[in-house]
């Protein structure tokens, strides 16, 4: 009897611990199904960032001004070496990156390009401009197989 | 030059490669003409009798900005001019895109650099030279965009693939700066299929060749290639079928073009016209996601941190029976071709791409 009570207490304690850890509801990714309107909004938010990233990537001066960035001082823009965001292969990051001699993320590599070929000012890793550039690069390369660490 | 696996490329057997390498080969390295071993390969194509041995030089795609903005492109164009003169060419062909945004100041920088070249210079335009003022400044400085001359048994022809782009600016009331900006964006969609020769120039080309024996060598220069490689980046000339038709009766035609900024080789049309893509001095374009000719042995991916990597000029030697192109690429390492690993090779890195979004209506 004592053994059973002890087992029940353990189960209750484990259940309580689980509730505390996961909240009072089952651990789903979201509460309710997304509505078509919500999905449209999510897509709009994403594509807006893709467009900003596209403009930054192509050296659009108005977008640079708006975002407070100086991605190049040489007249070079990202797209001059990467038309259609080619040869960025974001699906291979993170990986060891020879140019920077370290294990690097895509954001590290974006900053390397800004500072070296473009002689611009590097971005904060979490800045809106960096996120927009990343959004454009990922969007342009969507459909590729995720293959981190490869070259 | 180290051995690589280019003979194992899909669609090309080792035997094919050996046969084709006699025609296409690889390229020589321009870094002080120092080779790491083995023999330099060249784009060697056989020509008919009649040509006397001589050398000429090609420089293109310098994309010059004003001096205050960008000195890298100026340094590289200057180096190309000096190197080309050291090769003692009979003449120089400038293959277009002297300027980046078509401004007089940019042309001025280019003319000052090219003063180094004291042999006769021939110019064809690139799109970056033209669409700020519709070729006014370029023509004032360099004359007609198409021309012909004979030299030591070869007929040379310069063709304009630039000036006949469809009007994308009037209806949208673009400023000259805006028009030029769209044209200067390789992967933009607004300027559309601008590369073309046009019916009037096709007639001119036909007439220009009408008194030339069909078995004697012809070398045609253009900014864009005379076949369909990758239209979204205008890596083509839109009326390439008609061009190939006009050139078809001539048995020894070589087209030498700029614009693509990469090692490129093809044979096209009923007469197997040779097509050789030349290096830029400014920067390299990656290979397009599709359409790379099977006869091209691709160049290695360049190091974007090394400004002299992957760029250079072209030295062409005409002998009694062939014309050879040496890619005078300024690269520290002598191997300029894709290696055994896909990471060395630009074409392997563009499996799926999407056209840009921000310039769509």
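Here the spin labels are modelled as points 7 Å beyond Cα on the Cα-Cβ line, and at residue A:43 and residue B:152 they lie 6.3 nm apart. Taking other Cβ atoms within 10 Å as a rough exposure proxy, B:113, B:352 sort from fewest to most as B:352, B:113. Pairs of C-alpha atoms in region B:115-250 farther apart than 17 Å represent 62 percent of all such pairs. Shielding by partners for peptide A:83-95, expressed as the average number of C-beta atoms from other protein chains within 10 Å of each residue's C-beta, is 5.
Counted by neighbouring Cβ atoms within 10 Å, the residues B:275, A:101 run from fewest to most as A:101, B:275. The packing ranking, built from the mean of other Cβ atoms within 10 Å per residue, places the peptides A:57-64, A:33-40, A:135-142 in the order A:135-142, A:57-64, A:33-40, highest first. Arranged from fewest to most other beta-carbon atoms within 10 Å of their beta carbon, A:91, A:151 become A:151, A:91. Taking the centroid of alpha carbons for each part, region A:73-140 and region B:247-307 are 27 Å apart. Here the spin labels are modelled as points 7 Å beyond Cα on the Cα-Cβ line, and at residue A:142 and residue A:66 they lie 2.1 nm apart. One chain, two ends: residue B:53 and residue B:164. Fully extended at 0.36 nm per residue, the span grows by 36.4 nm beyond their Cα-Cα distance. When the Cα convex hull of region A:36-140 is projected onto planes of every orientation, the mean area is 6.9 nm².
Shielding by partners for peptide B:72-78, expressed as the average number of C-beta atoms from other protein chains within 10 Å of each residue's C-beta, is 1. Between residue B:360 and residue B:245, the simple label model (points 7 Å from Cα in the Cβ direction) yields a spacing of 3.4 nm.
No value in this document is a laboratory result; all are computed from the given coordinates. Since the structure is predicted, the reported quantities are computational estimates derived from the model, not experimental observations. Cβ sites come from the backbone with ideal geometry, for glycine too, and all protein chains shown count toward neighbours.
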